[in-house]
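Read through the structure below, which is laid out as structure tokens, and then see the notes.
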Amino acid sequence: RGLVEPQLGEFNPADPRNKTCDGKLSDKGIECCYRMFDEGKSRYSVAREMRISFAAATHRFAAWMKAGGKNRDKNTMRLG
């Protein structure tokens, strides 16, 4: 049995499309982070699974909290 990449619904934290060519998170990547926080994952877990720095995960956590945390308006973007 091979290793399976961790997935969160249709969002794969390790998907290269989660980042732009300059290494920043894309809109899809940001939504993936937010959904992981919705699931109760820690900033450390999000950083590790998304392959971003802990500082970047902390920044996204603060933005998620400012947007309302679990009560935020969920992004309904189409996945491609």
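The numbers here are math on the coordinates, done by the rules we state, and not lab data. Note that the structure is a prediction, hence the values are computed from the model and not measured. Note: ideal-geometry Cβ built from the backbone for every residue, glycine included; neighbour counts use all protein chains shown.
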TODO: Would you please give the FRET efficiency between Ser26 and Lys70, computed as 1/(1 + (r/R0)^6) with r the Cβ-Cβ distance and R0 = 22 Å, to the nearest 0.05?
DONE: 0.45
Task: 19 Å Cα cut-off, lysine pairs counted over the stretch 24-75 (separation 8 or more, or different chains) - done: 8
